[in-house]
Every structure is written in structure tokens, then in C-alpha cells.
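Every read-out reported here was derived from the displayed coordinates using simple, explicitly stated rules and does not represent laboratory data. Quick caveat, the model's predicted, so the values are computed rather than measured. Heads up, the Cβs are rebuilt from the backbone with ideal geometry, glycines too, and the neighbour counts pull from every protein chain shown.
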Amino acid sequence: MARRRVRLTFSPRLVTEPVIHQLGSRFAVVTNIRRADVTRDEGWVVLEVEGEPDDVERALGWCSELGVRVDPVEGELAT
Amino acid sequence: MSRILSLQCRECGTEIPVSPTHVCDLCFGPLDVRYDYAEVARRVSRESISAGPPSIWRYRELLPVELDDDEPVTLGEGFTPLVHAPNLGEVLGLRNLYIKNDTMNPTNSFKDRVVSVAVSWARRQGFETIACASTGNLANAVAAYAARAGLRGYVFIPANLEEAKVATTAVFRPTMVRINGNYDEVNRLCTELVDLLDWAFCNINIRPFYSEGSKTLTYETAEQLGWRLPDEIVIPIASGCQFVKHHRAARELIDLGLVTGSGAAMPRLTGAQALGCSPVAAAFQRADGHVVPVRPDTIAKSIAIGNPSDGGYVVRIARSTGGVVDCVTEEEILEGMELLARTEGIFTETAGGVTVGVLAKLARAGRWRHDETVVAYITGHGLKTAEVLNGRSQLEEAIPPSVRAFRERFGAAAEVPAVAGRRVPTAATTPA
């Protein structure tokens, strides 16, 4: 099993879409939201995604293709 | 009795024992070292600090490493010059402008401070491998301090990084792990490896300790100003971590009574970004302060972080202290580098050009009274990014190696009068 802690950032176009629900229904992963800040126009959600490594990878890849920005929960830490 | 109590989540306040971990298990918020300040106050004074070494380790009681009788892993980092800048100050209308010249560190950047603390902590904890994902200043420092400590160093980089960028790290002979992927993917791999390996990743699992080293820059600034905090500090922003720690350092100096009287007011903390990567400056302009990640496109690569971990905290601190977060164009970055070099003889990398650029922009907009004390943090040496200046110096056409040609070209400037200690021979004084 793999666990990825990520921050998903939603643009105005996607903020009203049920993306996290679809993550769990389209892929064999469990999502666990820990923090979030969602407004009418945009938002971010910090969550853990757990599943087999390939499933986690595919699920987050699908998010990116959709246009959701996917980052490690730590953000970027250095250059 | 230990000064270091626990790690505490900056978001939800949860405390956990001191350990190599960097996010809260409950809410995934960042963790900070929590000190017993009563114990720190018993140990630290201006006198005890003055008696310490001329390095960051003179502030050891305010750093998260319990050394006992051990020596820290040090290359003499810190206690860099705080230079009064009258020439630049004249250009900008600031009589009390100072440059904190952190280009003078062992590997020529501010990162030596944080890495010295990180590697010292890691060695005390029994780690045998120090690692990082970095393409620049952090990689230089990690490789150098791993060598100094006799520990194994691992540096993760994108495989397509130019050779010149690799050489200044590879010379310390760490293991260079080249990844077929972009920098985001390198970072992601490292965050996954943290859970699998018993290694100290400086900017990941031991980040709470590493980042505390930043505070020393502000301790030094206050000490070098005669134990006074300045009115305002201009700080480059990458992840924003450093900015947050300067706020903490100023708070500690005030609360511990190390600064007093009129020098004990919290400085305004102002952030500087490049327009081509300015998510925090943009957030500062927004009423809600939200940081929206961006894709960096700037020559200031050492601070080009599109999704800054501490961006939101920077906005809050800048606002609460009366500072601002502003940004400058690529041309203004280059002009900032050149302005600092020609007025004060200090050569900074592009990140310093950002800092000076924002300093100049704000000064020209009339932000400061001419007698305010303003300090700019210059965090990396110009030789690290010298290539950005290619083609910007108009060289005079070459002349023949003759005095006549020199006089013809340079005219009046070449008519050097007699000066003290060097007489121009005349008929009366020329020996026979």
C-alpha cells in the first residue's frame, strides 16, 4: 500500500466539481481530507490518498489531467 | 533540563515529541520546534553571546541542537558583515541603510546557516546520511557539510541540469542522484523516500530543525546594530520559511530582553519576489491573502518556488508587522544586482537583485523617512549566477599598449596630479 499526502488546488472552473468523490469511485483509493479552504471561486484541499502504488499514481495523474494542481502537502521547500 | 520541549503544529497546535518529522499527523500542518523559554532565558544573555564563537553557534541556546560537550558541524558560517551602505543609501534617500552580506558564508549563501544546524542535529541523532533535493544553493551546502561531518551525502537533481550547476556540488563528492524527471518529480520522489529510508533529508523530515538556523540572520543583525532591531527588513521570499523564522527570531529577541528600549519594537518585515514567480506578492494584494500556485519563469532561480510552503504565513506576518510583499521585473533584478555592485562593491546573485530591486522600488515610491533604519538581506553570491550579466557591460575598444594611446582615449582622467606619498618627478627633484 502507498500513501500520498497532497494538496489539491482548484481553479474557478473546477471548484464546484465533485473531484474528490470521483477519485474514490473511479480508482481503488481511499481519500482522507485533513484541511481545506474552499470558496465560491477557488479552493484547496489537503488530503491523504491511500491505495496500491499504481492506483494512487493513476488517481493523482487523473486529477492533474483534469486541471487540478497536485502538490506534495509540504509545498515546495527549496530550489 | 532541556531547552527543547517538543514539536508543535503551526495549524492545530498539536504537540509531538522531538523526532525527524515535519508535518502534523492530524492536519498535515508544518511543525515548529517548541522551546522552554524560561530555561533559555536562564542560559542566554548579551554577554554569553558575545563570549561565543564568531559564527551562528554564538546563539546556540536559541537553536534546536542539544550539543552537551559535542562540537557542532561548522565551517564558520554566519556572523557575516552588516555593512552600512551610504552610497546606495544616497541613491535611495536612506541615511541608515544596511546590507546584511550573507554572500560571505562558506559556500557563499545563506543556506550554510540552516544546513549547519540540520547536519549538527542529524549527527547527534545518529543519522549517517544527509540528503536533499536541490539544484542550487542548498545542494552546495548539504554536500559541503556532509563532507565536513564525515557523513554520507546524497543530492537529488533533475538529470538535465547543466554541468556547470552540478560541478560546484559534485566537487564535495556526495552521491549525485540524477532523476529523469523535472524538479517537481525529484521533490516528490524525495518525500516518498523519507518514509522508507533512515536518512536525514534537510528540507523534508528534519525541516523543523533545519529551518531554525534561519533565525541567526536576524539575531546577528540586532547584535551588529548594537542590540537594536531595525525599523524594517527586506527579505527575499522563496518558500517563505526564512521570512517566518525572522519573525520568530525578532519575537525571541524582544521577549528575552536581548533588545531593549526603542530597539525592541518588532520590525516591519517586507518580502521580495521576482514578478516571474510572485505568488506571495500576488496573495498580499488579495483581500483574502490566498496563495495561488504559479509556474515560475524568472532568472532568480534560487527563489523560484511556484507553490511556496509558507506563503500564507508570510502574507499574515507582513500585514501584522506593517510590511509589504512586492515584486520586480527581470530587468529590475539585473539593475538591482548592478546597483548594489557599483555603489557598495557587493556582488549578489539574482535573488539579491530581487531584494535590492524591491528595496529601490519601495524607496522611490517614498516608503521610508530618510532616517529610518532599513536592512536588506543579501543571501547569495553573484558568482553563482554570473551568466545572467553576459552582454550587459559595454567594453571600451582595445588600445595599443602605449601611454600616448591611453592619454588619447582617457583624456583628462589620465592627467593624474601628484598625491601624498607619490611625487610626480619634476626637473628640480629628478635625481641626476
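Each Cα pair under 8 Å and six or more residues apart adds its separation to the average, and for chain B the resulting relative contact order is 15 percent.
Across chain B, the convex hull enclosing all Cα atoms gives 202 Å³ per residue.
When the listed pairs B:K111/B:K215; B:K165/B:K361; B:K361/B:K384; B:K111/B:K361; B:K111/B:K165; B:K111/B:K245 are checked against a 20 Å cut-off, the alpha-carbon distance exceeds it for B:K165/B:K361; B:K361/B:K384; B:K111/B:K361.
With the convex hull drawn over the C-alpha atoms of the range A:2-72, the volume per residue is 68 Å³. Using the Karplus relation 6.51 cos²θ - 1.76 cosθ + 1.60 with θ = phi - 60°, the per-residue 3J(HN,Hα) values for the range B:136-145 come to x, 4, 5, 4, 3, 5, 4, 5, 5, 6 Hz, with x marking Gly and Pro.
The magnitude of the dipole of the protein assembly as shown, with charges of +1 and -1 set on the Cβ of Lys/Arg and Asp/Glu and taken from the Cα centre, is near 980 debye. All distinct Cα pairs of the protein assembly as shown go into the 1/r average, and the inverse of that average, the Kirkwood radius, is 24.5 Å. Across q = 0.11 Å⁻¹, the range B:44-171 modelled as identical point scatterers on its alpha-carbon atoms has Debye log10 I(q)/I(0) values of -0.48, in the order of the q list.
Computed log10 I(q)/I(0) for the range B:147-271 at 0.13, 0.21, 0.23 Å⁻¹: -0.72, -1.13, -1.25, from the Debye equation with unit scatterers placed on every C-alpha and solvent omitted.
If R0 equals 22 Å, the separation of the Cβ atoms of B:A167 and B:A386 corresponds to a calculated FRET efficiency of about 0.95. Take each residue in A:2-12, count the other chain C-beta atoms within 10 Å of its C-beta, and the mean is 2. Peptide A:65-75 has a mean shielding of 6, counted as Cβ atoms of other protein chains within 10 Å of each residue's Cβ. Relative intensity of the range B:1-43 on a log10 scale, I(q)/I(0) at q = 0.23, 0.32 Å⁻¹, equals -0.70, -1.04, per a Debye sum over C-alpha point scatterers of equal strength in the absence of solvent. Across every pair of non-identical alpha carbons in the range B:286-427, the mean reciprocal distance, once inverted, gives a Kirkwood radius of 19.0 Å. In percent, rounded to a whole number, the relative contact order of the range B:118-264 is 21, using alpha-carbon pairs under 8 Å and six or more apart. Take the Cα of A:A28, step 7 Å along the line toward its Cβ, and report every residue of the range A:36-60 whose backbone nitrogen sits under 11 Å from that point. Counting only backbone N, you get A:51-56. Given 25 °C and 0.890 mPa s, how large is the Stokes-Einstein diffusion coefficient of the range B:322-400 in µm²/s, with Rh as the Kirkwood radius over Cα pairs? Estimated via Stokes-Einstein, D reaches 179 µm²/s. Here the relative contact order of the range A:2-72, from alpha carbon pairs under 8 Å that lie six or more residues apart, stands at 46 percent. So what's Rg/Rh here for the range B:165-230, counting alpha carbon atoms and using the Kirkwood radius for Rh? Checking Rg against Rh, the ratio lands at 1.15.
Summary of the geometry: the range B:189-234 and the range B:278-324, compared by the centres of their Cα atoms, lie 18 Å apart.
By the beta-carbon count within 10 Å of each Cβ, the least crowded to most crowded order of B:C190, B:C132, B:C9, B:C27, fewest first, is B:C27, B:C9, B:C190, B:C132. For peptide B:297-310, the mean count of partner chain Cβ atoms within 10 Å of a residue's Cβ comes to 3.
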